[in-house]
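J.: My questions all concern the structure below.
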Amino acid sequence: MNGLNRRRVLRGMLNGGAVTVGLPLLNCFLNGNGTALADGSAMPQRFGSWIWGLGMNASVFVPKKTGKDFEFPEEIEALAPLRDKINIMTNATAFRDNSPLLCHFSGWVVSRTGIAPSNRTLGSETYDVKIANQISRTRRFKSLTVNAAADARVSYSYEDPNTPSPAEYSPLLFYSRLFGPDFPDPNAKDFKPSPRVMARKSVLSGVMEEMDSLNKKVGTEDRARLDQYFSGLRHLEQQFDQQLTKPEPIAACHPAASPKDSDMKLGNESPLVVARHKMMTDLLAMAVACDQTRVVNMAYCATFSNTTKPGYDKPHHTTTHEEPVDDKLGYQPVVSWFTRRSMEGFAYFVQAFANIKEGDGTVLDNMFIVADTDHGLARMHALDGMPFITAGRAGGKVKNGYHIDMKGTTLARAGLTALRVMGVDTPRFGDRSNTTSDPISEILV
């Protein structure tokens with residue numbers, strides 16, 4: 001193998017290297033009124049994805065009017081106080097072309113990759129990963145992925161077609177990851193770099209020094225694999241640089257106390273899901289405020305949600321199939337009850353970022369969030385009539401307060417809009433019937 005073996009690589013890995021400096025956002029870098037950086041460039045931007053399972057009932061979810069002066073139907077009534085912070089998009093389609101209908105999978109995959117899957121493998125990485133590579137590579141965490149479903153497998157962020165981003169599901173463990181021994185508190189009087197981070201940085205520096213010599217000893221395909229591998233290591237090295245540099249104080253960074261063990265029940269009862277979602281949301285919001293990451297992903301529940309309602313004997317997913325449509329209401333009332341809890345969760349998520357002051361506004365003002373789901377009407381496993389919601393102004397790039405009828409166009413426009421807003425240079429997004437170069441211009445400034 002051209003002299004390459006594990007021992008040879010490990011010796012290179014232990015060679016250590018110089019640490020470069022990557023500073024977080026400092027208060028003194030802002031202009032006089034807190035609307036931009038001192039040099040006139042825009043404030044740093046953040047992105048969030050949020051997903052709920054099993055769609056909605058159009059008669060009580062979709063506003064009757066489009067534009068700005070719409071009323072909030074019963075299923076989204078919880079969002080009414082956030083009118084000036086969100087946009088409601090309805091009637092989008094996840095086109096399958098000749099791909100099969102993969103229940104609870106095809107819809108969100110089209111939304112997040114623009115590609116209708118032919119099997120349970122994605123056609124590319126999800127758009128949050130593209131965005132994280134653009135705006136969050138130098139943060140301690142390139143992105144954070146969590147869920148309130150108490151299941152590590154529930155993740156809708158994919159680093160590549162086969163690799164879901166690991167999801168945190170325990171508030172207690174997530175707190176330890178964020179604010180444990182390796183947390184570089186920007187408001188601490190004394191700064192001591194974590195020995196663990198220093199060791200990891202030394203290991204990575206040794207690997208990077210070996211890259212050129214390794215590339216000369218392998219074939220074309222292996223060079224391509226090594227390039228992908230070392231690209232990931234470069235991202236890690238940048239993150240370690242940030243952790244080894246004394247951060248300047250950040251006024252909004254106030255880590256909460258650790259969640260109590262009594263709050264850690266992992267059942268799927270709705271009250272437990274709600275409580276976990278609130279705790280995980282609060283931790284995500286503070287991680288963003290402390291500039292530990294600029295990309296976050298939250299799943300309120302799995303797309304095949306098994307959340308249960310107190311006093312009702314069937315979980316959410318089963319209910320969509322088995323509950324009769326109420327003759328007077330015209331929809332399934334218990335299914336709608338679950339959707340309303342999801343919308344209350346999204347309202348809490350959005351408000352958590354709006355509660356954190358930043359400059360002359362809030363973190364939400366410098367953020368763009370996209371909330372999506374897996375179906376339109378889950379009872380029919382519909383991929384038409386699908387909704388999604390956006391929140392935040394993205395530093396003034398986005399207008400809020402609109403209901404937009406997507407008129408049956410591809411759900412991939414959600415992904416393209418997110419990429420464009422976050423500055424990812426992409427002329428088009430998606431594949432076959434989902435290919436689009438048309439972002440949602442009605443909400444763009």
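No value in this document is a laboratory result; all are computed from the given coordinates. As the structure is a computational prediction, the values presented were derived from the model and not from experiment. Positions of Cβ are backbone-derived with ideal geometry, glycine not excepted, and every protein chain shown enters the neighbour counts.
J.: Would you mind classifying the stretch 303-440 by shape? Square roots of the alpha carbon gyration tensor eigenvalues, ordered a ≥ b ≥ c; an a/c under 1.5 is rounded, otherwise it is prolate if a/b is larger than b/c and oblate if not. Spell out each step's value before the answer.
T.: On the way: a/c = 2.65, a/b = 1.44, b/c = 1.83.
In terms of gyration-tensor shape, oblate.
J.: Right, something else. Which listed residue (Gly423, Asn400, Val335) has the Cα farthest towards the positive end of the charge dipole for the stretch 291-445, taking +1 on Lys and Arg C-beta and -1 on Asp and Glu C-beta about the Cα centre?
T.: With unit charges placed on the Cβ atoms, the residue in question is Gly423.
J.: Which three semi-axes in whole Å describe the equivalent ellipsoid of the stretch 366-445, each the square root of 5 times a Cα gyration tensor eigenvalue, listed largest first? Don't skip to the answer; put the middle values down first.
T.: Values: eigenvalues 95, 49, 22 Å².
Value: 22, 16, 10 Å, ordered largest first.
J.: Give the aspartates and glutamates whose C-alpha is closer than 20 Å to that of Lys216, dropping any in the same chain fewer than 8 places away, or say none.
T.: List returned: Asp227.
J.: Around Leu101, with a cut-off of 12 angstrom between Cβ atoms, what is the net charge of the other residues, counting Lys and Arg +1 and Asp and Glu -1?
T.: Details: positive: Arg96; negative: Asp97, Asp374, Asp384.
Here the charged neighbours net out to -2.
J.: Under 5 Å between amide H atoms, partner at least 5 residues away or on a different chain: which partners does Thr409 have, H built in plane at 1.01 Å?
T.: The list, which skips near neighbours in sequence, is Thr93.
J.: If you average 1/r over every pair of different alpha-carbon atoms in the stretch 139-186 and take one over that average, what Kirkwood value in Å do you get?
T.: Numbers: mean 1/r = 0.0846 Å⁻¹.
By the Kirkwood definition, the hydrodynamic radius is 11.8 Å.
J.: Based on the mean of other Cβ atoms within 10 Å per residue, sort peptides 394-405, 124-135, 58-69 so the most packed one is first.
T.: Working: 394-405: 18.5, 124-135: 22.4, 58-69: 15.0.
Final packing ranking: 124-135, 394-405, 58-69.
J.: Same structure, new question: May I ask you to evaluate 6.51 cos²θ - 1.76 cosθ + 1.60, the Karplus curve with θ = phi - 60°, for each residue of the stretch 312-320 and list the ³J(HN,Hα) values in order in whole Hz, giving x for glycine and proline?
T.: 10, 8, 10, x, 3, 4, 4, 4, 4
J.: Also, quick follow-up: So, counting K/R as plus one and D/E as minus one, what does the shell of residues with Cβ under 9 Å around Leu444 add up to?
T.: Working: positive: Lys397, Lys399, Arg420; negative: Glu442.
So the environment of Leu444 carries a net charge of +2.
J.: Below 10 angstrom from the Cβ of Gly395, what's the summed charge of the other residues (Lys, Arg +1; Asp, Glu -1)? Before the final figure, lay out the partial values.
T.: Values: positive: Arg46, Arg393, Lys397; negative: Asp365.
Combined, the nearby Lys, Arg, Asp and Glu give +2.
J.: Something else: Apply the Karplus curve 6.51 cos²θ - 1.76 cosθ + 1.60, θ = phi - 60°, to the phi angles in the stretch 87-100 and return the couplings in whole Hz, x for Gly and Pro.
T.: For the stretch 87-100, the Karplus-derived couplings read 10, 9, 10, 9, 6, 9, 10, 9, 6, 8, 6, 9, 7, x Hz, x marking Gly and Pro.
J.: What are the ³J(HN,Hα) couplings of the stretch 129-142, residue after residue, when phi is run through the Karplus curve with 6.51, -1.76, 1.60 and θ = phi - 60°? Round to Hz, x for glycine and proline.
T.: Each residue of the stretch 129-142 in turn: 5, 4, 5, 4, 5, 7, 10, 10, 5, 8, 7, 4, 10, 4 Hz.
J.: Are any of the pairs Lys130/Lys397; Lys142/Lys397; Lys142/Lys278; Lys85/Lys278; Lys64/Lys265 more than 30 Å apart by Cα-Cα distance, and if so, which?
T.: On the way: Lys130/Lys397 19 Å; Lys142/Lys397 23 Å; Lys142/Lys278 22 Å; Lys85/Lys278 19 Å; Lys64/Lys265 40 Å.
Exceeds cut-off: Lys64/Lys265.
J.: Quick one: Cα centre-to-centre distance for the stretch 77-112 and the stretch 288-335, in angstrom?
T.: 14 Å
J.: Further, regarding this structure: Once all Cα-Cα distances of the stretch 74-118 are split into 10 Å bins that start at 0, what whole-number percent is in each one?
T.: 24, 34, 27, 14, 0
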